[in-house]
Amino acid sequence: MQEYFQNWGQVLGQMHRLAKTYQPLSEEIKRPEWHQWENYRGFPYSERLPLIHKKYDQLIAELHTLPQDANSYGLIHNDFNDGNFTVDYDNGDITVFDFDDSCYFWFMYDIACAWEGGIGRIMFRQLQERKDFMARYMEQIMIGYTRENTLSEAWLARLPCFLRLVQMQELLHFAQYLD
C-alpha cells in the first residue's frame, strides 16, 4: 500500500505543479473560481439547520481571507479520491478522471480530500489505530506529493481548515436525506 499511496500523492502533486502554469485557451472554457462553484451548490437546509448554516458561512468567510498565490492556488480536481482514478497494475500508472467539479481553489483542498479518502479505510478501528494509520498514510501521500510539488509549512498548517470544509460539505450532502 505504501507505493500506492505515494503514487496517489505524486499524481496529485503533478496536477498541482502543472496547474501553476496552466492557462485556459479561452474564458468560455475556463473552469469557475471556487466561490462561484460554492455559491452554485448553496446551502439547502439553512432554515432547518441554522447553526450549521452559520458555521458554514464562517468557514467560507475565513477562506475568503486566504492569499491566492500561484504556489498555493490554482486549478484543482476538487474530488480527488481513489474512486476517481484507475491504476494500471502492470506499471503503476494512475489515470485520473471525473473532472466535472474542477475549479480554481487552494491546493490544500485536494490534500484534504486525500485525507478524507484515508479516513474511510480505517474509520471503524480504535482511536489509536486510526491515528497511527492516518499518520503513516498521510506521510506516504506527502512523500509522493513532494516529488512533484511543494507547499509551505504555513499552507500545510491550514489543513484543519480545509478538513472542516470537506466535512461540512459531507454533512450538507447527507442533510438532503433528513426527510
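Numbers below:
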item: Segments 65-78, 136-149 sorted - mean Cβ within 10 Å per residue, highest first; result: 136-149, 65-78
item: Antiparallel DSSP beta bridges within the chain, as percent of all bridges there, nearest 5; result: 90
item: Cα gyration tensor, the chain - rounded (a/c under 1.5), prolate or oblate; result: oblate
item: Two-site label geometry, residue 88 and residue 60: point separation in nm, points 7 Å out along Cα→Cβ; result: 4.2
item: Mean separation of Cα contacts under 8 Å (6+ apart) over length of the chain, as relative contact order %; result: 38
item: Ranked packing of 108-114, 162-168, most packed first, by mean Cβ within 10 Å; result: 108-114, 162-168
item: Computed lengthening from residue 101 to residue 164, 0.36 nm per intervening residue step minus Cα-Cα distance; result: 20.8 nm
item: Average accessible area per residue (Å²) across the chain - probe 1.4 Å, nucleic acids and ligands excluded; result: 59
item: Packing-based order for 117-128, 21-32, using average beta carbon neighbours within 10 Å, highest first; result: 117-128, 21-32
item: Computed E for residue 135/residue 178 - FRET, C-beta separation, R0 35 angstrom, nearest 0.05; result: 0.50
item: Summed side-chain charge close to residue 69 - residues other than residue 69 whose Cβ falls under 14 Å, Lys, Arg +1, Asp, Glu -1; result: +2
item: Accessible-area composition of the chain, carbon plus sulfur, in percent [1.4 Å probe]; result: 52
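The values are calculated or read from the model by the stated rules, or taken from the named source; none is laboratory data. Worth saying up front: this structure is predicted, and the values here are computed from it rather than measured. Heads up, the Cβs are rebuilt from the backbone with ideal geometry, glycines too, and the neighbour counts pull from every protein chain shown. Ligands, DNA and RNA are stripped out before the accessible areas are found, and what is left, the full protein with its side chains, is counted by its heavy atoms. Shrake-Rupley method; radii C 1.70, N 1.55, O 1.52, S 1.80 Å.
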